[in-house]
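The values are calculated or read from the model by the stated rules, or taken from the named source; none is laboratory data. On a predicted model such as this, the values are computed, not experimentally measured, just so you know. Positions of Cβ are generated from backbone atoms using ideal geometry, with glycine treated the same way; all protein chains shown enter the neighbour counts.
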Amino acid sequence: MSQKNYKFSDYGDASVLIEFSKVFSMQAWQKVHHLANQLLEENIPGILGIIPTYTTLFISYDYLVIKREKLQHVVEQYIANIDDKNLKIEGRIFKIPVVFGGKYGPDLEYVADSQQLSNEKLIEQFCSKPLQIMVVNRGPMFGTNFEKEVARLETPRTAVPAGAITAAGEQISIMIQKSPGGWRIFGQTPIQMKMEFEQNPPVYYKPGDMMTFYPIGEDDYSKFEGQTISDVEVKE
């Protein structure tokens, strides 16, 4: 990286935030996740946690093991070695079955109308190519392959089921557990993607991995129940 185009900020007395951009860009996202992957691979003593987002990287650390100045020096060495011409992040491709519409996707018609498409054409477009996981938050989150933003619900639902495929703004998310939410539900997968906190990492997928979706009928939903993300077909 030829010039310093990031910002280091303290968050409390034992964490820092590295900001590569104030607005989303694919390049900023790639830099964040290149850096996160490098730091995770190195397992640097004193670093307790790393949380990459769309444009920032949050690092918590043990200041009895690594001092703030030393941490910044180490991290900036990794940043300096990021090759701006080789930022592509590749991962596995998971094939995810989805029931669209009906009780599993009550907002399908709304989402289709927002794109000026029929329900069938929206499903076809959504399933036409893999979507890359950008961050892991309440579940895997993706950019959309829709042309227009999708408005949130005016009144959020008190309960959105695990596996719900939801859309809002320019993002898609899969809910990993039942929780309130104001995003539009247009489908649901029976594949479980919940976090297993006794594992490290706690989820089987990561930013950079991709998911490709294919439609199944309501009668087929039960055939996949009980399966987890580690059970589905994967292309390396």
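With among the small types (Gly, Ala, Ser), within 22 Å of Met210 (Cβ to Cβ) and buried (at least 18 other Cβ atoms within 10 Å of the Cβ) as the only criterion, which of Gly139, Gly143 stands out?
Gly139
For the range 147-178, name all the residues that are buried (at least 19 other Cβ atoms within 10 Å of the Cβ) and more than 25 Å from Lys31 (Cα to Cα).
The answer is Val150, Val160, Gly163, Ala164, Ile165, Thr166, Ala167, Met175, Ile176.
I'm trying to understand the selection: among the residues of the range 80-128, which are over 24 Å from Gln192 (Cβ atoms), of a type outside the set (Asp, Glu) and at pLDDT below 95?
Of everything in the range 80-128, those that are over 24 Å from Gln192 (Cβ atoms), of a type outside the set (Asp, Glu) and at pLDDT below 95 turn out to be Ala80, Asn81, Ile82, Lys85, Asn86, Leu87, Lys88, Ile89.
Scan the range 69-113 residue by residue and report those that are under 23 Å from Phe58 (Cβ atoms) and not aliphatic (A, V, I, L, M).
Glu69, Lys70, Gln72, His73, Glu76, Gln77, Tyr78, Asn81, Asp84, Gly91
Where in the range 155-236 are there strands (runs of 3 or more DSSP E), lying fully within it, with 1 or more residues that are touching a Gly at 6+ places or on another chain (Cβ under 9 Å) and in contact (Cβ under 8 Å) with a residue 40 or more places away in the chain?
By residue number, 164-168, 171-174, 184-188, 210-215.
List the helices (runs of 4 or more DSSP H) that sit entirely inside the range 37-134 and contain at least 1 residues that are touching a helix residue (DSSP H, G or I) at 6+ places or on another chain (Cβ under 7 Å) and more than 30 Å from Glu225 (Cβ to Cβ).
In the range 37-134, 68-80 are the helices (runs of 4 or more DSSP H) which contain 1 or more residues that are touching a helix residue (DSSP H, G or I) at 6+ places or on another chain (Cβ under 7 Å) and more than 30 Å from Glu225 (Cβ to Cβ).
Residues that are among the polar types (S, T, N, Q) and surrounded by 18 or more Cβ atoms within 10 Å (Cβ to Cβ): does the range 79-95 have at least one?
There is no residue in the range 79-95 that is among the polar types (S, T, N, Q) and surrounded by 18 or more Cβ atoms within 10 Å (Cβ to Cβ).
If you check Glu42, Glu19, which single one turns out to be modelled with pLDDT under 95 and within 19 Å of Asn81 (Cα to Cα)?
The match here is Glu42.
Can you tell me which residues in the range 47-75 are surrounded by 15 or more Cβ atoms within 10 Å (Cβ to Cβ), farther than 22 Å from Val136 by Cα and free of Cβ contacts under 8 Å to residues at least 40 places away in the same chain?
Ile66, Val74
Go through the range 29-46 and give me each residue that's surrounded by 20 or more Cβ atoms within 10 Å (Cβ to Cβ) and either in contact with a Phe, Trp or Tyr (Cβ under 7 Å, 6 or more places away or on another chain) or among the small types (Gly, Ala, Ser) (or both).
Trp29, Lys31, Val32, Leu35, Ala36
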